[in-house]
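To keep things clear, I will list the structure first and then write my remarks on it.
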Amino acid sequence: MELVVWSRHPGPRPGRPSLASQRRAIPLRGASSLLRPRLAYTAHPLTLGFVSSLQSVTPKQTGALYFRLEVLAEPLGNFVRHLDADRFDDSLAAPLACALRKLPNLSSLDLGWRVAHDHVPGEENAELSDERAALQSSMRYALGKATSLKLETSDDSSLLKTIACVDGARLRKLHWVEPEWPPKLDDELRRAMGSLVGLVELEVSALYKENYTHARRCPPFSTVRSVVLSNTRLDYRQNLELAHYLAPSATRLAIFDARTTPADSDGTEPLPSPLMPALKSLIVEAWAYLPIFHHFDLPALEHFKLSLRKSCTKFPLDIVEVPFKAAPLRTFTLAFRANPHLKASRALVRLFQDAYVRLIIEQGPMSLARLKSRTVESMDTKAMVVIDRRKHGTIVNTLDWARRRADWLYDVGDGPGLHELAHATARLHERFLMERS
């Protein structure tokens, strides 16, 4: 299929009319190589009915004809909301610099450590090439409009110059990957972090243990209400303490991939009191229920969700007292995987009823690996079916992508995208409901 367009490339070629007034036939595939439309059809070539579903672009895709020649006309860039620059090559500096100026509604950025270190503007450098200087200027422009930022920093200087470029009143969500804090914060960095007055969501992931002590000295984000700590290499006690110092006014906290065993240091230091005084909702991902939950004093906690990572062969909760007994707990949600369906004991149900706490059970099907092992064990050797590892990997990777895609669509407020993803997974959802019944 070809798309007839008007090119805006300046200047005529020798012996030929100006491209500004010459119609050119450009393959649609080349003109839209930056796009990942969720709809597999197009209307009339000039109506481009699929563009309303465009959301994300990568630096590699900015080398497409749209950004080089503007072949699809300027309004196409209005639909892009997210830039994924987790991976970057210097050869993409020029097209990316051009693209960032043509995406007026860009609001979400994912910056890898190389982009944050080399291509976010800091101190003036007269030795910069024209391409890098253009990219730094465009990056400052894009950061100034961002409402959501994922940032992988390799040092505190990258953090400082990136925060200096954002609009502190506009930025709502910050995802900090491998954060590094200096042993002593200087006044400039302290002021920059204090300028994020509009920040309400904070996520910290891949925190190295040696940075934990310095992280507790970080100026608190007083406006943050939701915190996510993922793969911090800390135990649950330290995660709670870190969240307390980073966002003392947070009302929601989620902890994923925490250590199940206490760390070898800082274990005897008393926790702050009161600990996270405004926290109302706590979500924890763990391999099993931990008695340590009985010892945390969270004075405002109302909702606690425990999501177990392992598959269960028997009901995974056997306790004699409700956790967080000093808190005004209203709901306890237990999520796990098991086949067949497991039920809580009457004693456990009565325990929560007597404490006026609602026990919610979210039980899903057993993991594919666990089902495979159980199936193979129960089969006769002669009747054993060969299990395709490639198919297993494809299923797992696809489901993981769908989960991350759903989270991102929700974060950016893409209702049509969520509706389409729900339609694509409808048969899986039906199977899920059948397993639960």
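The values are calculated or read from the model by the stated rules, or taken from the named source; none is laboratory data. Remember, predicted model here, so these are calculated numbers, not experimental data. All Cβ positions, glycine included, derive from the backbone under ideal geometry; neighbour counts span all protein chains shown.
Kindly evaluate F352 against the criterion of being more than 22 Å from the chain's Cα centre (by Cα), within 30 Å of A278 (Cα to Cα) and either modelled with pLDDT under 80 or part of a helix (DSSP H, G or I) (or both). Answer is yes for this residue. Would you confirm whether or not region 174-189 contains a residue that is touching a residue at least 60 places away in the same chain (Cβ under 8 Å) and assigned to a loop (DSSP other than H, G, I, E, B)? Within region 174-189, one or more residues are touching a residue at least 60 places away in the same chain (Cβ under 8 Å) and assigned to a loop (DSSP other than H, G, I, E, B). Taken together, A99, A93, A164, A133 contain a single residue that is under 25 Å from L409 (Cβ atoms), more than 19 Å from the chain's Cα centre (by Cα) and not in a loop (DSSP other than H, G, I, E, B), which is A99. Looking across T213, T153, T232, one residue alone is without any contact (Cβ under 8 Å) to a residue 60 or more places away in the chain, surrounded by fewer than 18 Cβ atoms within 10 Å (Cβ to Cβ) and of a type in the set (V, I, T). It is T213. Among the residues of region 271-288, those that are in a loop (DSSP other than H, G, I, E, B) and surrounded by 17 or more Cβ atoms within 10 Å (Cβ to Cβ) comprise L275, M276, L279, K280. Residues in region 133-150 that are in contact (Cβ under 8 Å) with a residue 40 or more places away in the chain and not hydrophobic (A, V, I, L, M, F, W, C) were compared, and the one that is surrounded by the fewest Cβ atoms within 10 Å (Cβ to Cβ) is S137.
Please specify each residue of region 330-346 satisfying the condition of being farther than 13 Å from I319 by Cβ and outside any strand (DSSP E or B). Correct list: R330, N339, P340, H341, L342, K343, R346.
Can you find a residue that is in a loop (DSSP other than H, G, I, E, B) and either of a type in the set (D, E) or touching an Asp or Glu at 6+ places or on another chain (Cβ under 7 Å) (or both) anywhere in region 300-315? Yes, the conditions are met somewhere in region 300-315.
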